[in-house]
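The values are calculated or read from the model by the stated rules, or taken from the named source; none is laboratory data. Quick caveat, the model's predicted, so the values are computed rather than measured. Positions of Cβ are backbone-derived with ideal geometry, glycine not excepted, and every protein chain shown enters the neighbour counts.
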Amino acid sequence: MAKREQGKPRFARVLAVLALWAAAAGLGAAPQAKLAWEAKGPPGDPLGYVGAVAVAPDGKVWAADASGRFFIFDEGGAFLETWGSAGSGPGQFRFIVDTGQINWERDVSAEILFLPDGSFYVRDWGNNRVQRFSSARRFLGAFGSGESPGEAPTGIAVRNGNELLACFAGRTDLQRFSLEGAYRGSLVLDLVDVEFVQTTSGVAVDSAGTIYVATKFRGQGGVRPRGRILTFDPKGASRGLFGVQEAEFSGLSFDFFLRLGPDGRLYAADEWNQRLIAFGADRKPFFVYGEAGSGPGRFNRPSSLAFGPKGELYVADLLNRRIQKFILSGL
């Protein structure tokens, strides 16, 4: 086993690397993430495995867990209420599916997407659908794949304020829906220069219309599948990829979640590498934060992230059964 540098533990070395990146980019001090609080829900009914976190327009923080419920907190981390239940009816959810694999009950997959008016969508993975609700949580309808019913949705994003893009397990295209859920057709992605794409697993769209797609690549030579981020113009033409191995950056794991920050940069929750990553305009990571563990500010499979109205960052810490709030600076 390689010896640590004398007097410099691993986390200190990570901070040193960040400082070097920042200095090279002319940014001055390295970016920082300061833990504000963690929340686990009420003692008698705590959070289970947490698959998603989102912030509503009113500032309340929603977390989806394996029970098929949402735990709702105020911006200070105080627990307010739960909503939803397990099942397949309207307003019921299945965020886990028995795949027959070891520890399948830990594979929680969910997503909450709020619109500015407070209405929202829930990616109901286990029921192969996306559900839509009013700001008062009234069920407005549900829809699934427009190409192959029965496919599980793996990512959703709003484009141009008037269209929903969704990706589905086992597919390498995106599907277009109206905000009401009417199917508008498939958006075929240019994958000519990309080999071994297994499936799309997440999507985000920036204000310029650039589409970011999380993908899983097939394993080769006994190596497990790895993740890459592909970029496309609004019509699906390729604009390149990133997430490959670079100096001081080991590449993305095969499960990660994408979200655009209030600064317009792309952020990823890199689940199996136990870290958060922010990418710059050059597509290289300029901020990497996180280590494995259960202590404050550490992660055990960060499965989702969200931003609050003041730029604060919330992370769903799946196996630690909590959400954590961070205050970012120097970005």
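If the condition is being touching a residue at least 24 places away in the same chain (Cβ under 8 Å) and either buried (at least 16 other Cβ atoms within 10 Å of the Cβ) or under 17 Å from the mean Cα position of the chain (by Cα) (or both), then the stretch 97-114 contributes 97, 106, 108, 109, 110, 111, 112, 113, 114.
Selection of the stretch 126-144 for residues being in contact with a Gly (Cβ under 6 Å, 6 or more places away or on another chain), of a type in the set (Gly, Ala, Ser) and surrounded by 14 or more Cβ atoms within 10 Å (Cβ to Cβ) yields only 135. For the stretch 165-178, a tally of residues being within 17 Å of residue 234 (Cβ to Cβ) and not polar (S, T, N, Q) returns 7. Counting only strands (runs of 3 or more DSSP E) that sit completely within the stretch 220-331, those holding 3 or more residues that are closer than 25 Å to residue 95 by Cα and modelled with pLDDT of 95 or more correspond to 302-307, 313-317, 322-329. Strands (runs of 3 or more DSSP E) wholly in the stretch 140-187 with at least 3 residues that are more than 15 Å from residue 129 (Cβ to Cβ) - which ones? Counting at least 3 such residues, we get 153-159, 174-178, 183-187.
Among residues of the stretch 159-174 being in contact with a Ser or Thr (Cβ under 9 Å, 6 or more places away or on another chain) and charged (D, E, K, R), the one that is nearest to residue 207 (Cα to Cα) is 163.
For the structure I just gave you, tell me whether residue 90 is closer than 29 Å to residue 309 by Cα, without any contact (Cβ under 8 Å) to a residue 60 or more places away in the chain and in a loop (DSSP other than H, G, I, E, B).
no
The numbered conditions (1) surrounded by 14 or more Cβ atoms within 10 Å (Cβ to Cβ); (2) part of a loop (DSSP other than H, G, I, E, B); (3) among the hydroxyl-bearing types (Ser, Thr, Tyr) are all true for residue 207 except (1).
Only one of the listed residues (115, 165, 187) is over 29 Å from residue 253 (Cα atoms) and touching a Leu at 6+ places or on another chain (Cβ under 9 Å). That residue is 115. Just wondering, is there one or more residues in the stretch 289-312 that are under 15 Å from residue 36 (Cβ atoms), among the acidic types (Asp, Glu) and surrounded by fewer than 20 Cβ atoms within 10 Å (Cβ to Cβ)? For the stretch 289-312, residues under 15 Å from residue 36 (Cβ atoms), among the acidic types (Asp, Glu) and surrounded by fewer than 20 Cβ atoms within 10 Å (Cβ to Cβ): present.
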